[in-house]
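One structure below.
The values are calculated or read from the model by the stated rules, or taken from the named source; none is laboratory data. Here the structure is a predicted model, which is why all the values come from computation and not from measurement. Cβ atoms come from the backbone with ideal geometry, glycine included; neighbour counts cover every protein chain shown. Ligands, DNA and RNA are excluded from the accessible area calculation, which covers all protein heavy atoms including side chains. Shrake-Rupley method; radii C 1.70, N 1.55, O 1.52, S 1.80 Å.
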Amino acid sequence: MRNKAKVTGAPVDTKKHESRKPKSSKKSQNASSSKAVKLERAKPKTVCNNQNGRANCGLDKTRHSSGRPPANPSPKNRNDGEPLVAGPSPKITDFGVWLKEQLERDPTHNIIFLSSSEGLDTLTDMANTEKLPSHWITTLAKLLTREEFRLSLMREHTDKIFGRLSRSWTFLLQLHTHIKTQLKGTPEPKEIMVYLWLMEDLQRRSVGTANIWRLLPLEDMHHAVEQLDDTDAKKELVAMVNRLTERRNLPAAFSKQEAEAEYLGAEFRNISIIPDKEDLLQPHVSAHLPVNLVGKPYKSVTCFLETHFRLLREDCIDPLRQAIRTYRNRQFSAKELHIYQNVQISGPRCGEQGLEYTASFQCFGEDIDWEASKRLRFGALVCLSCDGFRTSFVLGAVAQNNLKGKAVRGTRHRVSIRLSSVSRGEEPIAHDRTYVMVESTSAYFEAYYHVLTNLQSEDMENLPFTKYLLELEQHVDPPRYLLRRERGDEYDFGSVFPSIKDSIGRSTINILQGWPEWPTSLDQAQLQALKHGLTKELSIIQGPPGTGKTFLGLLLVRLLLANLSCRNGPILVICMTNHALDQFLEGIHKFEPNVIRIGARSKSVVLKNRTLRKLVGSRKCRSEFRDLLTAKRNARRRKEFVKIQFPARIRKLKQTLVTKHELSNIATQEQMQNLFSVGLEFEVTLARWLRGDMLPLKDSHPADESMPFVDSKEDALKEPEGSRKESGRSSMQSWPLEARGEKIWQRKTGQVQPSSDNLKGVGPVEGENEMEVGMFHQFQAMSLAQNPEANLELVRGKRSKADEDHVDDHSDDDDDDEYQNSKLGVQFSLDFPYVWRLKAKQRRILHDYWLGEIKRKYRQQLKEEYEKACRGVTRINDEIKLSVLRKANVVGVTTTAAARCRNMLQALNSEILIVEEAAEVLEGHVLASLNSCVKHLVLIGDHMQLRPSTAVHQLGTNHKLDVSMFERLVEGGVEHVTLEEQRRMRPSFARLVKSLYPKLKDHESVSKYENIRGVNSNLLFFDHTAEENSEDTSRVNTTEAKLVVELVIYLLKQGCYSAQNIAVLAMYSSQITEIRRMMKERASVSFPEGYLERLQTMNKKETPVPKSTMFQKGRTRSTDITELLPRVSSVDDFQGE
């Protein structure tokens, strides 16, 4: 038993402990040197109880260093041979010192310690102390509302801390009084915000507990907020008070789930992202889907979010729906769907994030190059069916893909999947069945899933910039963080424009006022766009091709970094593609090395040491976050413990009979009493019941031979006499079973049959032996698989199993008709209390239902237990990543990764968000990246170029899903800036787009480009009539590819252009692959060895390769020729370069 300390300081009687002599401890001896206090040593093991029965408050040096409060010194009874124990109880001020010590520690350390049993006990001791000093509560509020603490991803840990406090009425009452007292003065907005945060966290842990609201002074808080001056801080406080008030007004009788559902207040938040059977069997896109409003305002945030949620969800599942429809119609086409046949499922097994199943399959149709294709990649949505998608639908997502090489028809391949849903009434998966698996070809589920999840989030109700996003207000206000800066709107431009000081005499500018003129390479439109980006909280910058959108974005980042050193969180940069993100971050890295890139698909050499994965695994990280790494190791141990136990526990799912303990949680109380009303052993009773016997009774009196009842162990294996009678039943056999049993009992014993209550605890009847138990085990070998939804009949008569097998045809037919024509449903029959009245078939059906429910609950329990262990590891991993990200100045991420890491990015508390190529991003993806912390949003793009791509064309044309946030705001008249001077294209090229950009002007530099050598025109068009071929979802034209390749070879032979000067763009991935293949083949036979290397080297010196050296024999080529050839890319990847 743990030692306990009594905070009242009362003397402790130690006589009863004198017989206990603890062993000496070196650790205890060393602990005596604690610099905080001196702890007494006592021969007896003193027990000192506090007011609340909590653990002791006195600690040795080691324990004190982890955060427990020190005990008062006491020099008495020192004995170096005894362990340290608590002396007199600590004074109240000791907790004040302890709180200050905790406040000086890292918030991560606070979370880990306070959520431990030791920390929780200490926190409870303090919370239950009467007459808490005011400064204790103030310090505690500051401790629990620090940003790193409040926004921590270790929610299970913080839930324990706030949950313990919310259950302490002593603390809540004193907190109520303390807040009311503090509000009587003139508190600062920051002080009010601290208490609001604390109240919100306490309330969140108390959903469904109405009484806690009486202890949170919301009315006083509201009155205090109203007395503040009108500032942005006041607006935040008012919004928070209103949010708490709304939650308080929920009905007190609501459950937690009901309260959360009511608080969300929207039906779409309860829609499953995973499609169900009805979704997949719809013939086409629903006509009731909403339309994205372009040029019109939305009436509410809920309507806005619901529109994008429903459209995105439909865009995700319709391709799979059409693939299933195509399969059912036997219109197989590799272009429309991917089919995998003869699928065998094994598992489950423990994966990284949860339980996984292994699917072994064969490919349908042509051979597949796994490494080149995008089939069955991580996160892809698949649908399995064992009946051709008529009634069986099992959804899952690919969890692991180790497919390599090429798939040859007939060979088997394996992939791991995580099952998501099943059709009603069916086992999640059947290992003895063969499935067909279908994969959608156009919608990548992983990219949709996290976006849809975020759109359903409760936090999205606090969406920022609603007056622009919903109401389309044209005038945009300045960023709110400018108002809290000590220097206001004064920015220093000296680091970006060194010449500004020489021109205007100073390097600072008040950006919200008129800007002076100074010599700069920026044109007027770029300068206006720069001002717009710095002074508008929602900045929209449109840039036609070549006008310097990316360049301007880099200038914005550089100025913001130079002037907002005290901002909240790093600047967050989001791009649609990995390539665009790498390019933008490389530009930032030139002037800001403290950049971190999230995601593992970076191909940048410059950023290879600045990826989040690399930094988390560094030695510096291991030394800085030891507490978190220790917590991570502990979480991994818990996960491994569950994982080791899993194989043994999963074998329980193979059982064929129920057990008594499991049955007691499934069957009704009346059914249990009826089934075991005579006190026989469980195995014997269940065996007889499943066999079809009547209610077994045991007595010493001779049995009436007319009664079909078992009297001995030999009779248990015999057929009841009269079971082969050719006609009729005895009059008693026509009685209800319970009535017959009661009459038999009365005739044999002369007394009334005892009730089930009187039989509780009665052991097995004397005379039963292993023969009955043997019969029980025989049933384990029987196949009891029946349709769990079959109807159960309630019958008045009763026959044994032998009766059912051997009665005459007339009687058997009647019973079968009665069984098959029964109109009683399963739901009614499952609660029928008199289970001994059922026939053998009905009993087996009921038993199979019980067994199925037991397995289902057990399977769900195993799944939840392991996934909880996985989440524990993941959350600590995310907390480590978050700690690393907080030290960065710029964080870059793709839109997909931003949706996946939304909780982490929200906890990062970034105020500035920059979206590059925003016009190519679906609005739902941008919404999923927004949170209430964002105060400044910069959208850079051009809606006149590429629109966002959708998987379903109809959703783009009819429902406006392909209209980006960027385009919708521009079309709605929200304030924006357009760049007007292009510096990339020749004037002959620019004239082609003048119809789209009437104000587009050419910079003088583009008129100085020299003409291309070897051709008579700088702009050529090839016209041909060769048809293209379809390959899967892409297309290829070999004739066009040959023309392009021959032109490239011709230009390289000029001796003045290297691979770095030439780029080939194509629209389809298959065309890109074909051009690369042809180019490599032609180059290997068109140039002598060493020519391309010399061409590359001489081109760097701007010296043409002499034609005399064109066919000069060179060195043996040491590198792959592909590296010496021009880049072949898609238009999307190359855009902006």
Tell me, what % of the accessible area of the range 851-955 is carbon and sulfur with a 1.4 angstrom probe?
43 percent
How high is the relative contact order of the range 877-974, in percent, counting Cα pairs under 8 Å that sit 6 or more residues apart?
27 percent
Could you sort out which of Lys467/Lys536; Lys632/Lys881; Lys374/Lys1042; Lys590/Lys887; Lys608/Lys639; Lys531/Lys608 sit more than 22 Å apart by Cα distance in this structure?
Lys374/Lys1042; Lys608/Lys639; Lys531/Lys608
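In a shell of Cβ-Cβ distance under 12 Å around Ser495, excluding Ser495 itself, what net charge do Lys and Arg (+1) and Asp and Glu (-1) give?
Net charge in that neighbourhood comes out at 0.
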Taking the range 97-163, the whole-percent share of alpha-carbon pairs separated by over 15 angstrom is 49 percent
Whole-percent carbon and sulfur share, accessible surface of the range 351-422, 1.4 Å
45 percent
Give the residue list of chymotrypsin sites (Phe, Trp or Tyr not before Pro) in the range 288-364 that are DSSP loop and have at most 16 other beta-carbon atoms within 10 angstrom.
Phe332
Net charge within 12 Å of Val891 by Cβ-Cβ distance, Lys/Arg positive one each and Asp/Glu negative one each, not counting Val891 itself?
+4
Taking protein heavy atoms only, a 1.4 Å probe, and rounding to whole percent, the accessible area of the range 501-648 owed to carbon and sulfur comes out at 50 percent
Averaged per residue, the 1.4 Å probe accessible area of the range 935-1004, protein heavy atoms only, in Å², is roughly 44 Å²
Using a 1.4 Å probe, what is the accessible area per residue for the range 576-700, in Å²?
53 Å²
